[in-house]
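The values are calculated or read from the model by the stated rules, or taken from the named source; none is laboratory data. All of these numbers come straight from a predicted model, not from anything done at the bench. Glycine also receives a Cβ, built like all others from the backbone with ideal geometry; neighbour counts cover every protein chain displayed. When the accessible area is computed, the model is the full protein with side chains, heavy atoms only, and any ligands, DNA or RNA have been set aside. Shrake-Rupley method; radii C 1.70, N 1.55, O 1.52, S 1.80 Å.
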Amino acid sequence: MKNKTRTFNRLNVSITKKVIELQERGYDCDFLLLANGTLLCMQTNLNYPVSTVAINRMDQGYDFFSHSYKNIHTIETGNGERGVLLTEQAFNF
């Protein structure tokens, strides 16, 4: 059981490490995908239609808190905001 717990922690840590790495590269905003298909920047409270931003899928990891795979995306808006989006859905643009 100890090895299984260690593996779980490692996978959650890998998501955290990737997000921190992206934040260090200037992706310092956090985005949330809303039900109406727009992205909300949590820091500025601005909404962006998905079709107006650049979305790049960077990585994927298993989240043992939600028991689902999370896709790590970078978001770049037209006004220069850059951030991270974690979703179960993978955007492939």
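Things worth noting here:
- Selection count, region 60-83, where residues are over 14 Å from S14 (Cα atoms) and touching a strand residue (DSSP E or B) at 6+ places or on another chain (Cβ under 6 Å): 8
- Listed by position, the strands (runs of 3 or more DSSP E) contained in region 1-87 that have at least 3 residues being of a type in the set (V, I, T) and at pLDDT below 95 form an empty set.
- Residue tally, condition in contact (Cβ under 8 Å) with a residue 12 or more places away in the chain and either open to solvent by less than 60 Å² (accessible area, probe 1.4 Å) or under 13 Å from K18 (Cβ atoms) (or both), over region 67-93: 16
- Long-range neighbours under 9 Å by Cβ, at least six apart or interchain, first residue closer than 18 Å to Q89 by Cβ within region 18-36, second among the small types (G, A, S): K18/G61; D30/G83; F31/G83
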